[in-house]
1. Consider A145 carefully, then state whether it is touching a Ser or Thr at 6+ places or on another chain (Cβ under 7 Å) and within 16 Å of ligand 2 (Cβ to nearest atom).
2. (1) assigned to a loop (DSSP other than H, G, I, E, B); (2) closer than 25 Å to G106 by Cβ; (3) at pLDDT 95 or above: which one isn't true of D287, the others all being true?
3. Please enumerate the residues belonging to region 73-105 that are within 16 Å of ligand 1 (Cβ to nearest atom) and without any contact (Cβ under 8 Å) to a residue 24 or more places away in the chain.
4. What tally of residues in region 285-322 results from selecting those that are surrounded by fewer than 21 Cβ atoms within 10 Å (Cβ to Cβ), out of contact with any Lys or Arg (no Cβ under 6 Å at 6 or more places or on another chain) and of a type in the set (S, T, N, Q)?
5. Can you pull out every residue in region 128-159 that is charged (D, E, K, R) and within 15 Å of the chain's Cα centre (by Cα)?
6. Tell me which of these I109 doesn't satisfy, since it passes every other one: (1) within 16 Å of ligand 1 (Cβ to nearest atom); (2) farther than 19 Å from V29 by Cα.
7. Only one of K30, K15 is basic (K, R), assigned by TED's automatic domain parsing to the domain that holds E124, surrounded by fewer than 24 Cβ atoms within 10 Å (Cβ to Cβ) and more than 30 Å from R73 (Cβ to Cβ); which?
Amino acid sequence: MKAAVLAGVKKLIVKDIPTPIPEENMALVKIKSCGICMTDYKAYSGARKNLDYPMIVGHEFSGVIETVGESIRFFRPGDEIIASPVSNCGICTNCRQGLTQYCKNGAVIGGDGMDRIIDGAFAEYVLVPENSLYYKPENLSFDAAALTEPLAGSYKGLIEYSQLKIAEDLVIIGAGSMGLLASMIAQKAGAASVIMIDVDDWRLNFSKNCGATDLINLTKKDPIQAVYSILPKGPDIVFEAAGPLSAAQLAFDLCRRGTRLNEFGVTTEGTINVSPAEIHWKETRVDASFSVYPRVMQQSIRLMEKGIVDPNKIITHRFNLDEIEEAMNTMKKSDRIKIIINP
Ligand SMILES: [Zn+2]
Ligand SMILES: [Zn+2]
């Protein structure tokens, strides 16, 4: 099969490698569509250190089952599927607490955040364990289906953890894929205002089509003053979906009493200036959200199947596997949101 093998920093080589053979509970999936995540770009650019070359990245994908291992029970060749990049054992203490994204025996397909990383989906085929497979509804395109995992991530952070309720006021820092998916969910969940903060006007304007009600370019005005002039009582939720430490700092600085803060972006290592006393006196509710678990994958499929959220809105570029280097370089541009690889 053809695969984009990451052989080292900025060494992405498209070449023929043996097609893997599914054993036991694994399915071999022919990939139709795979999104590029910032963590994939960080693996390519060398910003991510926790990986061993050579490897194949790519963890946001959909496809069709080609063949199955002998102990696969519920899926058959020809089934159109969506995959969760996270597989889990169901038996370790983390799994039994419901924290399957932290499974001690799990693995992540082409992604980040777990000890075991297996080959990902920037290839013609990928192996997927059965409990990471979901049926793709017929009315969903493969491209939309590939964005199930990022949509599930935003849903988990905003709805399940930060518990956004109707008529609440939300600030999102970072108009990237995750911030825009969160904004679309917030609009449908009945947020009264969705204030989008970013450094780039193109992205801010783009977010108007994804539910943002107010736009703040923090390079042009003081974001705290700007938020409090729109919301004199301050935000109910601040959703930090950008990543730089300055964004995390801004998230804390925006809180009024009782604000729910979600440190959602894959944050840069380091520390910021936060006063525990201030958290106490303000009763700041500090939360975070990492990865996904089965319920939010299922809910994310539901959101798309019922037309509540359309992730096609954030797809700005499509490339084939041979063009993956160009696709990675497009990640650096500010006028892109989600890039899809169609092998
Ligand atoms: Zn991702
Ligand atoms: Zn487990």
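1. Working: touching a Ser or Thr at 6+ places or on another chain (Cβ under 7 Å): yes; within 16 Å of ligand 2 (Cβ to nearest atom): no.
It is false that A145 is touching a Ser or Thr at 6+ places or on another chain (Cβ under 7 Å) and within 16 Å of ligand 2 (Cβ to nearest atom).
2. Among (1) assigned to a loop (DSSP other than H, G, I, E, B); (2) closer than 25 Å to G106 by Cβ; (3) at pLDDT 95 or above, the lone unmet condition for D287 is (1).
3. none
4. Selection size over region 285-322: 4.
5. Of the residues in region 128-159, the ones charged (D, E, K, R) are 130, 136, 138, 143, 149, 156.
Of everything in region 128-159, those that are charged (D, E, K, R) and within 15 Å of the chain's Cα centre (by Cα) turn out to be D143, E149, K156.
6. I109 satisfies all of (1) within 16 Å of ligand 1 (Cβ to nearest atom); (2) farther than 19 Å from V29 by Cα except (2).
7. Values: K30 fails: more than 30 Å from R73 (Cβ to Cβ).
Testing whether each residue is basic (K, R), assigned by TED's automatic domain parsing to the domain that holds E124, surrounded by fewer than 24 Cβ atoms within 10 Å (Cβ to Cβ) and more than 30 Å from R73 (Cβ to Cβ) leaves just K15.
Okay, residues lined up against (1) assigned by TED's automatic domain parsing to the domain that holds L181; (2) in a helix (DSSP H, G or I):
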| residue | (1), (2) |
| --- | --- |
| N273 | yes, no |
| M297 | no, yes |
| K313 | no, yes |
| E325 | no, yes |
| S334 | no, no |
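The values are calculated or read from the model by the stated rules, or taken from the named source; none is laboratory data. Small disclaimer: the values here were computed from a predicted structure and weren't measured. Because the Cβ atoms are built from the backbone with ideal geometry, glycine has one as well, and the counts that use them run over all protein chains shown.
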